[in-house]
Protein chains: 2
Amino acid sequence: MNRAPARHYHRRVDLLASLAERLPEGAVSTHPGELTSRSRDAWPLAMLREARGERLPRPMAVVFPRSTEDVAATLAWATETGTAVVPRGAGSGVCGGAQAVWRGVVLDLSFMNRVLAIDRESMAVEVEAGTRGDRLESALNREGLTTGHYPQSVAISSVGGWIAARSAGQASAGYGAIEDLLLGLEAVLAGGDVITLRATPRSAAGPDLRRLLVGSEGTLGVITQARLSVAPLPDGYRWCAFRPSSFADGIALARDLAQRDVRLMVLRLYDEADAAVTFGTLGHEDGPALVVGFADDRRAGDILEDVGRAASSAGAEPLPDAYGEHWWKHRNDAVDLYRRIMGEERMLGPGVVVDSAEVAGLWSGLSRLYAAVREALAEHAARPVACHLSHPYRSGASLYFTFLLHGDDDQVAERRYLSCWRDAARACHGAGGTISHHHGVGILKAPFLEEELGAAGLAALRAVKGALDPRGILNPGKLLPGEP
Amino acid sequence: MNRAPARHYHRRVDLLASLAERLPEGAVSTHPGELTSRSRDAWPLAMLREARGERLPRPMAVVFPRSTEDVAATLAWATETGTAVVPRGAGSGVCGGAQAVWRGVVLDLSFMNRVLAIDRESMAVEVEAGTRGDRLESALNREGLTTGHYPQSVAISSVGGWIAARSAGQASAGYGAIEDLLLGLEAVLAGGDVITLRATPRSAAGPDLRRLLVGSEGTLGVITQARLSVAPLPDGYRWCAFRPSSFADGIALARDLAQRDVRLMVLRLYDEADAAVTFGTLGHEDGPALVVGFADDRRAGDILEDVGRAASSAGAEPLPDAYGEHWWKHRNDAVDLYRRIMGEERMLGPGVVVDSAEVAGLWSGLSRLYAAVREALAEHAARPVACHLSHPYRSGASLYFTFLLHGDDDQVAERRYLSCWRDAARACHGAGGTISHHHGVGILKAPFLEEELGAAGLAALRAVKGALDPRGILNPGKLLPGEP
């Protein structure tokens, strides 16, 4: 899209000076601490590598835009000079999508963090892309509103990151995932052109370019602002919990509840291994556990009755409501939870790595998907693989596996990690699932994208990438396997 | 994407013979009646032109594929020979999206009409793209299921057309629009490559290519199969109706109901002009009318109470339930309705054309959008402009205007038609709306797409089109203004 001739700079310092002169003072940093802290996101393999002292790809600079114009100036410069740009929200991605690249710059959007407007009549909020989830929630909660978007990372992730990585929150059964909340969007394309897609409840004016950017992981454009749908903040939540006689019976019950459309906000079914650690402190003994949550409003009594009746018909035993309250309270304590799941003080190196795989599929294939992916992971895992079903839909659900790998040293652990993922992806696709429900692709899953989309699907995505970013400056090496 | 060298045929007969040899016998028709009947869709301007004896663009052949392979062979041939292909479902589009082009072929999918599989566990149906809506509904209804997708055109439109033109049914408030129902997709790209996008409730494996094809109107690929989400068929429907004191008060009440999330299936607010003709036979006297419908299940009593309370607080008077039943029964009698709205026996020529414009916007701008578009249309219309609000969302709604233009002769009517649309689009965009909620773009609204998406947005869409269809063979002249 950009027609400007390429410029060549022989020295990095000249190259960066040519960027700095287009931006407000102080926007370009080469401070070593900033370069290091922006070299990776929360991808476990990168953390393992870092922990063992390996040098991760380091950007030559971190750019801190304060406006859409700053982002546009940076991308225009990047296309002209052929410099790679890695957009970064809050850096909580777990697949390497925000990992820096050598000789590139990281575009850190964290100063673009204003809540611009709340439109109560349309129940919508306009917000800059670098705004962190907890700040957005605070601003909305003060008005009695919420996005209803609660990823585990809510306090360490940003609105732009949610959209770029196709986030889904823990209450997505009630509020929808990020794409359902997205009304309007502003983004900057590779050449520096700004696209502003008007906020609308729906439009049939051509293919939805908003949706093309959802899940694009910074490879097609940089999201700078969004308008999201919001909902009234409920007064509180109600919880109930059950022990199905088996995980398979639990899946059938979860499906029944999802298809009855009983207005749940949260539905989580833990297999025995996951239930043991998640609810161990509550005295959970054995078997799976199903936790259901919903808004505590005047319909709560009806929902409670519906859910109880369905559980009873399915032969599931009641468990204390405290299961749900406990989970809700501790839902974002990922590290602590992982430690308990894995029974290790150390979650990372030497030789140890913990990761999660969140696949999804239709109900009719879900038991098979569970068995296939679990078996593939268990081949490599040093501890029992834990799994829970979450994010239920009328047509299917997500399965979230947590697993720990252990090698005699980090090199062995890394090889095992890569083999384990390769096998899990193959098992997932073989069982008709998708390799990601809400974590995205990044570097980790890029090798599996051809299997996911087919050769023609991948070629189509590459063609779109090539059209929108002909010089390949936007987050190279992410999402798409290899270089186009 | 296609690398085969272009071939040149000097004679049309040789060109078509080279296509026919790749397809089963009888797949390529040059029967004059078939060429004529596939020359246009239901775009009123094309019908006006036809009625006055003007020659519409006529394809050189109509191709009837019976399989995805036939579609692939046709598109490979088209890209090799540089021949334009106009995909056609059932031909009910109202914006010229399926109008034939000179020296092109029409790809009529009506023989690809099988319901392939019903997956009750996942509540999903797999269906060929040429399947008509009424046939799909019959197949599902026999199993106690429904798509819940009821466009007015349901008996004269196809699954592929729904997806390609981003259809929304009259009960979309309850069941979602076509994109919400779409789980998986098979499509053929310009060069003949087949992409198969697995059915999944959700995936974060990159940008959603399914969604790129939704609303693409045959310009990016030809949809051959889809998997759609289905729902239980309700036992029946319940209706209630009210007369708000003004259309503005009605908008406020509609918003209240949409945001209360009372599980409506249908919500329609008619302005005085529209109410007078839609409910005239029921003795409706003056003022607007709000009709609300929902499934007649055990929650119906609660919904009725919620809606009644909201209406009463808003000062709206109850109207007979027969309003809803009457509308539901006659909802697809478009021609009859138009006639009554417009008070004309003739809906088309000489000198007469009736059309509808369905815009959408956020609640906070909806009254302004209503006033602006209505005024722009009224400048040109020969009868009072009628409008109803439908398809409510938490963030906004659609406004559907019906208008009649009258010129002393057809040429004057055509000029007036084009000016009227130009002014309506400008008014819509000026008031922050989108120019199409569910009719799509076609030829009619292509000139307004730059205003809709901005220059950069349109350039991005053109770049995507160029990447996926480098020779521009897929439905040229539709969706995108001019030639790329």
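Some points to look at:
- Label-point separation in nm, B:Asp423 to B:Ser313, each point 7 Å along Cα→Cβ: 4.0
- Fully extending the segment from A:Arg142 to A:Arg11 would add 42.1 nm, taking 0.36 nm per residue of separation and subtracting the current Cα-Cα distance.
- Modelled spin-label separation between B:Asp134 and B:Arg415, with each label point placed 7 Å from Cα along the Cα-to-Cβ direction: 4.1 nm.
- Across all directions, the shadow cast by the convex hull of the protein assembly as shown built on its C-alpha atoms averages 38.2 square nanometres.
- Calculated FRET value between A:Asp286 and A:Ala378, using beta carbons and R₀ = 22 Å, to 0.05: 0.70
- Available extension along the chain between A:Asp333 and A:Arg120 is 73.4 nm, counting 0.36 nm per residue and deducting the alpha carbon span.
- Kirkwood Rh in Å, taken over segment A:42-128 so that all alpha-carbon pairs contribute: 14.8
- In the protein assembly as shown, lysine pairs closer than 15 Å at Cα, eight or more apart or cross-chain: 5
- Distances from A:Arg298 to itself in the other copies, using label points 7 Å out along the Cα-Cβ axis, amount to 2.0 nm in increasing order.
- Distances, shortest first, from the label point of B:Gly33 to those at the same position in the other copies read 8.3 nm; the point lies 7 Å along Cα to C-beta.
- Taken as entire DSSP H runs, the helices of chain A that both span 15 Å or more between Cα atoms along their own long axis and average 0.0 or more on the Kyte-Doolittle scale are A:68-81, A:247-260, A:300-313, A:366-378, A:449-468.
- Working note: Cα gyration tensor of chain A, eigenvalues times five, square-rooted, sorted largest first, giving semi-axes of 38, 27, 20 Å.
- Dimensions in Å of segment B:425-480 - Rg and Dmax from alpha carbons: 12.0, 37
- Between B:His31 and B:Ser67, the FRET efficiency estimated from the beta carbon spacing at R0 = 22 angstrom works out to 0.55.
- Copy-to-copy label separations for A:Ser138, where each label sits 7 Å from Cα toward Cβ, in nm and ascending: 6.2
- Look at where the Cα atoms of segment A:424-475 and of segment A:67-122 average out, and the two centres are 21 Å apart.
- Simple label model, 7 Å out from Cα along Cβ direction - A:Ala248 to B:Ser246, nm: 6.4
- Peptide A:213-219 has a mean shielding of 3, counted as Cβ atoms of other protein chains within 10 Å of each residue's Cβ.
- Whole-angstrom gap from segment A:166-217 to segment B:349-398, using each part's C-alpha centre: 26
- Of every Cα-Cα pair in segment A:382-484, the percent that sits beyond 16 Å: 66
- Contour excess over end-to-end distance, with Cα ends at A:Thr196 and A:Ala322 and 0.36 nm allotted per residue: 40.8 nm
A short reminder: the numbers here are calculations on the coordinates, not readings from a lab. What you are looking at is a predicted structure, and each value in this text was computed from that prediction instead of being measured. Cβ coordinates were reconstructed from backbone atoms using ideal geometry, including for glycine residues, and neighbour counts include every protein chain displayed.
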